1. Restricting attention to region B:10-25, does a residue exist that is away from DNA strand D (no atom under 11 Å from the Cβ) and either more than 14 Å from chain A (Cβ to nearest Cβ) or part of a loop (DSSP other than H, G, I, E, B) (or both)?
2. Which ranges mark the helices (runs of 4 or more DSSP H) fully within region A:103-210 that have 3 or more residues being touching a residue at least 12 places away in the same chain (Cβ under 8 Å) and over 30 Å from B:Ile207 (Cα atoms)?
3. Against the condition more than 16 Å from DNA strand D (Cβ to nearest atom), more than 9 Å from chain A (Cβ to nearest Cβ), within 30 Å of B:Tyr162 (Cα to Cα) and at pLDDT below 85, how does B:Ile84 come out, does it pass?
4. Exactly one of (1) within 8 Å of DNA strand C (Cβ to nearest atom); (2) crowded, with 20+ Cβ neighbours inside 10 Å; (3) not charged (D, E, K, R) is unmet by A:His49. Its number?
5. Looking at region A:52-81 only, could you name the residues that are within 12 Å of DNA strand C (Cβ to nearest atom) and within 14 Å of chain B (Cβ to nearest Cβ)?
6. Listed residues A:Val129, A:Val223, A:Val210; which is more than 10 Å from every other protein chain (Cβ to nearest Cβ) and touching a Lys or Arg at 6+ places or on another chain (Cβ under 8 Å)?
7. Among the numbered conditions (1) within 14 Å of chain B (Cβ to nearest Cβ); (2) more than 29 Å from A:Ala16 (Cβ to Cβ), tell me where A:Arg163 comes up short.
2 protein chains.
Amino acid sequence: MIVQRQNGVALWRQIADRIRSSIASGDYDADGRVPPELALAAQFGVNRHTVRSALAALAEEGIVRAEQGRGTMIERKQRINFPISRRTRFTEGIGDQAREKEGLLLATVEEEASTEIARRLAIDAGTMVVRLETLRTADRRPVSRATSWFPSDRFGGIAKAYRETGSITEAFRDLGLKDYVRAVTEVTALHAEVEDRADLKLSPGAIVLVTRALNCDLEGRPVQFSVSRFPADMVQFTIEN
Amino acid sequence: MIVQRQNGVALWRQIADRIRSSIASGDYDADGRVPPELALAAQFGVNRHTVRSALAALAEEGIVRAEQGRGTMIERKQRINFPISRRTRFTEGIGDQAREKEGLLLATVEEEASTEIARRLAIDAGTMVVRLETLRTADRRPVSRATSWFPSDRFGGIAKAYRETGSITEAFRDLGLKDYVRAVTEVTALHAEVEDRADLKLSPGAIVLVTRALNCDLEGRPVQFSVSRFPADMVQFTIEN
DNA sequence: TCTAGTTGTCTATATAAATAGACATTCCAT
DNA sequence: ATGGAATGTCTATTTATATAGACAACTAGA
């Protein structure tokens, strides 16, 4: 048995998730299309209409496109590998896995550090920090939605610098920080929330990988703490020691 | 708006996931119980019966226990932190986060290496390898379900050694491998499949974190490749560089 | 041109999820 | 003891999900 009933997740969604996963794994690379609806219905032990609901959801996401009389073609098939190391940098990490990379600054505010942010940045709670809300895309598809905090005293101009350069590394350099390293990365996974769905253009019920990362300068002083969300069907992390 | 309708994921499951997450985050630590059903219903904008379905699912998982007249008490609230580094070892990693740790050998077979396993272990496809199916628990709750492969020529006796010691590190030592290091760890996340649900005692629709890890000896020769699945609501990873 | 194989659309029915309301039961502070 | 606040149980209704069957529309190869 491959799909589960009466568990709070509709069959069509379970099937959509599995097909999406199969596409990402390259299971259908041989002919570049998904198996016929009747074959999928047999495979999952459900009615053809249920499979059609699943394929409609994937078409909505832009992953497949049905062509009457021919079959259902795979439009997009990617799982970007994202290395995590002491020298983790977003743009370099993506490397040549995508032709077109973009960093977009959604919003920026200066605020008082909450107790958690203060602890992570090793500053006193209430100290001013700059918060950046950023969205990153590869080949026009969103691959991460990040919230980052920087100590205001050192990096008050980070928003302007990031807007001009589109890169944290470049922005740091403009502000006189020549180099930095990744100190800690925490990884967990959650169901996508409504905001994730909007930002990352996810289907409801999808999974997001969540990282909490701390970057420090070469003296070990924290320079950036960020919480990032990645669509789990498009991204995997690799930790090389 | 906090919950989404008509998206293939039942409201009660979305709400159960959010409450589980809130419990893990410590949102309800003040009084050790979940808010009253009517308050949750108001918060999520749903009927009280829908909230009751969510709480029933969490009770089934052993996370909460309802007491008539009193409220719904939090029974379990943990997210075990699992460090990933060059010296990653399961038992040491758990450390004192759990009182009672256990490693159980579910099954073992000797088989020919598939192309993927051969590539990971840097051997020829078809070479014999030992496969171990293991389950790890912390305080009686399953925290990982792993499938590991070892080259038969060097580690033919790994199953026996593991059964006797309950530890990979110990088993390696018995077979003459004094030390080893983690070379690569890949992390991704998926919806739990039926097998995960059985092994890890997960609720349907739950998320599993999947790691693919390669351990090598000090000369850099691969000694173990393993695929592990962790319940995402109980586990997080920390990568310290 | 014909036909097998595929997706598209329609109707109908059964089951699960969600809402709504009423009232019982239990705990606990007053 | 009493009343407020909480969970437990029941009935009824509406909406979403899933199944079933039939047939139309389109594609590609024989």
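1. No, that holds for no residue.
2. Numbers: elements: A:115-121, A:152-155, A:158-165, A:168-174, A:194-200.
Of the helices (runs of 4 or more DSSP H) lying wholly inside region A:103-210, those with at least 3 residues that are touching a residue at least 12 places away in the same chain (Cβ under 8 Å) and over 30 Å from B:Ile207 (Cα atoms) span A:152-155, A:158-165, A:168-174.
3. No; evaluated as a whole, the condition is false for this residue.
4. Exception for A:His49: condition (2).
5. A:Arg52, A:Ser53, A:Ala54, A:Leu55, A:Ala56, A:Leu58
6. A:Val223
7. (1)
Residue-by-condition table, conditions (1) open to solvent by less than 30 Å² (accessible area, probe 1.4 Å); (2) under 22 Å from the mean Cα position of the chain (by Cα); (3) modelled with pLDDT of 85 or more:
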| site | (1), (2), (3) |
| --- | --- |
| B:Ser148 | yes, yes, yes |
| B:Ser152 | yes, no, yes |
| B:Ala161 | yes, no, yes |
| B:Leu177 | yes, no, yes |
| B:Ala189 | yes, yes, no |
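The values are calculated or read from the model by the stated rules, or taken from the named source; none is laboratory data. Model, not experiment: these values are computed from the prediction. Positions of Cβ are backbone-derived with ideal geometry, glycine not excepted, and every protein chain shown enters the neighbour counts. When the accessible area is computed, the model is the full protein with side chains, heavy atoms only, and any ligands, DNA or RNA have been set aside. Shrake-Rupley method; radii C 1.70, N 1.55, O 1.52, S 1.80 Å.
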